[in-house]
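Heads up: the structure comes next, in structure tokens.
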Amino acid sequence: MVCIKQVPATTAEKRYTADLRLDRAAAEAVINPLDEYAIEQALRLQESGAVESVGFLSMGPEQAAEALRRALAMGGDDATLVTDPALAGADAWATARVLAAALDRLAPDVALMGMASDDARGSLVPGAVAAMRQVPLLSYGSELRIEGSSARVRRLTADGFDIVEAPLPVVASVTDQVGEPRYASLKGIMAAKRKPMETWSLADIGLSADDLHGSALTRVVETRKPEPKPPTERVENVGADEAVTRIADWLAARKLI
Ligand SMILES: Cc1cc2nc3c(=O)[nH]c(=O)nc-3n(C[C@H](O)[C@H](O)[C@H](O)COP(=O)(O)OP(=O)(O)OC[C@H]3O[C@@H](n4cnc5c(N)ncnc54)[C@H](O)[C@@H]3O)c2cc1C
């Protein structure tokens, strides 16, 4: 089961609602870029015969169904969306709690995730889900393998790589080293329309808003745009001597030399 998050497009302008939540409806939404690598890894395992079925799971607003359809257009068999008004503004703890409960119901051998979301970049959810489900975590794999009743990741390190193995079921996360994600073909896009997708509420996974402390243990108290940088000055289309002089003058004016 590949967990994918729908996020605002990287280039989209991020806007916040009056209560300081990311206004997800205001921006073009995409599959979290790092989750596309997790999708690719899962589909390669299915093509190699190491896994029988590949499904997708997302927690988000109803529009997150679009991200699941795009994943199904790349491949895989089915998808599940957990959506509930009580989940608006869910923080990483609440997200992990919901995904853990949904995965307990889906009971995959592998719950596969990307290494981070593009909007919050917390990288907390995989570890939190593994802890809540009391299953091993194989994180930051540059390759995931399933051998018999075990899973194994190869993780790049500063001076080489680790091979980490654990008995199934596991939670695993992979990096962008697993291989370039495939593009959805027209045939894939058409087939995705017919693939099963279920929509679950909190009650369907045995949770209530109270279980989630109202959806967050944390709250955003302020958002602020970064200070505008001073205008950039370009030195171009001049001779070397003039370029050196102008750069030296610029540095001297700022007491940098
Ligand atoms: C700008 C910003 C800042 C935030 N800061 C915080 C904060 O400081 N603390 C906090 O608790 N929350 C924070 N949040 C909320 C947090 O983004 C969400 O709770 C989110 O769903 C989970 O955390 P993450 O994005 O860091 O996920 P990560 O832990 O970075 O995600 C790792 C992987 O988990 C899976 N995953 C994550 N979310 C989902 C999902 N909704 N559905 C399916 N799979 C998923 C994906 O495979 C993803 O690649 C912030 C949100 C934003 C937009």
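The values are calculated or read from the model by the stated rules, or taken from the named source; none is laboratory data. Values in this document were obtained by computation on a predicted structure and should not be read as measured data. Glycine also receives a Cβ, built like all others from the backbone with ideal geometry; neighbour counts cover every protein chain displayed. Side chains included, ligands, DNA and RNA excluded: accessible areas come from the protein's heavy atoms. Shrake-Rupley method; radii C 1.70, N 1.55, O 1.52, S 1.80 Å.
Data overview
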| read-out | value |
| --- | --- |
| DSSP-assigned coil residues among GluC sites (Glu not before Pro) in segment 174-257, each with at most 11 further Cβ atoms within 10 Å | E222, E233, E236 |
| Inter-label distance, nm, simple model (7 Å from Cα along the C-beta direction), W250/D210 | 6.3 nm |
| Rounded Å value of the spacing that divides the Cα centres of segment 81-110 and segment 189-254 | 24 Å |
| Length released on extending from I189 to V235, taking residue separation times 0.36 nm less the Cα-Cα span | 11.7 nm |
| Most fluctuating residue given options A42, A158, A240, as computed from a GNM of the chain linking Cα atoms under 10 Å | A240 |
| A172 long-range amide H proximity, modeled H, under 5 Å | A111, L112, M113, L138 |
| Modelled FRET efficiency - R0 51 Å, A158 with E242, Cβ distances, 0.05 increments | 0.70 |
| Whether segment 2-212 is rounded, prolate or oblate, judged on the alpha carbon gyration tensor where a/c under 1.5 counts as rounded | rounded |
| Segment 63-199: antiparallel DSSP beta bridges as a percent of all, rounded to 5 | 55 percent |
| Cβ-Cβ FRET estimate between A88 and T11, R0 fixed at 22 Å, reported to 0.05 | 0.35 |
| Heavy-atom accessible surface of the chain: percent carbon and sulfur, 1.4 Å | 52 percent |
| Antiparallel DSSP beta bridges within the chain, as percent of all bridges there, nearest 5 | 45 percent |
| Inter-label distance, nm, simple model (7 Å from Cα along the C-beta direction), Q63/L20 | 2.3 nm |
| Rough spin-label spacing in nm, given labels placed 7 Å along Cα→Cβ, for S48 and L217 | 3.6 nm |
| Rounded accessible area per residue of the chain, 1.4 Å, Å² | 57 Å² |
| Packing-based ranking, highest mean first, of 15-23, 118-126 given that Cβ atoms within 10 Å are counted | 118-126, 15-23 |
| Highest-MSF residue in the chain out of A131, A27, A12 [GNM, Cα springs under 10 Å] | A12 |
